[in-house]
Amino acid sequence: QVQLVESGGGSVQPGKSLRLSCAVSGSVFRVNRIGWYRQVSGNERTFVATIFTQGFTLYHDSVRGRFTISKDSAENTVDLQMDSLRPEDTAVYYCHINGINNEGAGPEDYWGQGTQVTVSS
């Protein structure tokens with residue numbers, strides 16, 4: 001069973017930075033991509049950024065140039081460095097893995113419990 005645990009959320013003023021981290025435990029037979037989504041209360045969960053197994057990254061247009069995703073395969077972590085934060089970045093941020101499980105089924109989506117990010121003056 002894969003577990004994703006996020007940390008690093010909090011409250012900051014506009015223009016400041018936060019760094020989110022996701023610790024991954026357990027195993028997935030094959031990870032296709034790992035990354036971050038966010039959700040504002042009452043709205044759908046939306047894509048933020050992801051890293052594919054091949055190493056290339058993808059960002060939502062609203063965060064490109066401000067957010068940077070990185071992973072440490074040795075530590076089984078994926079981080080999201082968020083700079084120049086804006087009030088519209090306020091949301092619960094979820095760590096996400098898409099991959100094939102150890103039984104060969106999938107691809108399946110795995111989620112963390114989420115961490116709150118609030119950007120407000």
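Residue pairs whose Cβ atoms lie under 8 Å apart, sitting 6 or more positions apart in sequence or on different chains, and linking a residue in the stretch 16-30 that is surrounded by 14 or more Cβ atoms within 10 Å (Cβ to Cβ) and modelled with pLDDT of 90 or more to a partner that is polar (S, T, N, Q) and part of a loop (DSSP other than H, G, I, E, B), are Ala23/Asn76; Val24/Asn76.
Taken residue by residue, the stretch 84-100 has at least one member that is farther than 18 Å from Leu20 by Cα and either in a loop (DSSP other than H, G, I, E, B) or not polar (S, T, N, Q) (or both).
Note on the stretch 66-78: residues that are assigned to a strand (DSSP E or B) and either at pLDDT 95 or above or open to solvent by less than 70 Å² (accessible area, probe 1.4 Å) (or both) amount to 7.
Scanning the stretch 1-35 for residues that are under 18 Å from Gly104 (Cβ atoms) and hydrophobic (A, V, I, L, M, F, W, C) yields Val2, Val28, Phe29, Val31.
Scanning the stretch 79-100 for residues that are among the small types (Gly, Ala, Ser) and open to solvent by 40 Å² or more (accessible area, probe 1.4 Å) yields one hit, Ser84.
Which of the strands (runs of 3 or more DSSP E) found entirely inside the stretch 1-65 contain at least 3 residues meeting this: among the β-branched types (Val, Ile, Thr) and within 11 Å of the chain's Cα centre (by Cα)? I'd like the intermediate steps shown before the answer.
Working: elements: 3-7, 10-12, 18-25, 30-39, 46-52, 57-59.
It comes to 46-52.
Residues in the stretch 53-65 that are of a type outside the set (A, V, I, L, M) and at pLDDT 95 or above: Thr57, Tyr59, His60, Asp61, Ser62, Arg64, Gly65.
When only residues in the stretch 101-121 that are of a type in the set (S, T, N, Q) and assigned to a loop (DSSP other than H, G, I, E, B) count, which is nearest to the chain's Cα centre (by Cα)? Selected residue: Gln113.
The values are calculated or read from the model by the stated rules, or taken from the named source; none is laboratory data. Everything quoted here is computed from the prediction, not taken from an experiment. So basically every Cβ, Gly included, is an ideal-geometry build from the backbone, and we count neighbours across all protein chains shown. The area values use the complete protein model at the heavy-atom level, side chains included, leaving out ligands, DNA and RNA. Shrake-Rupley method; radii C 1.70, N 1.55, O 1.52, S 1.80 Å.
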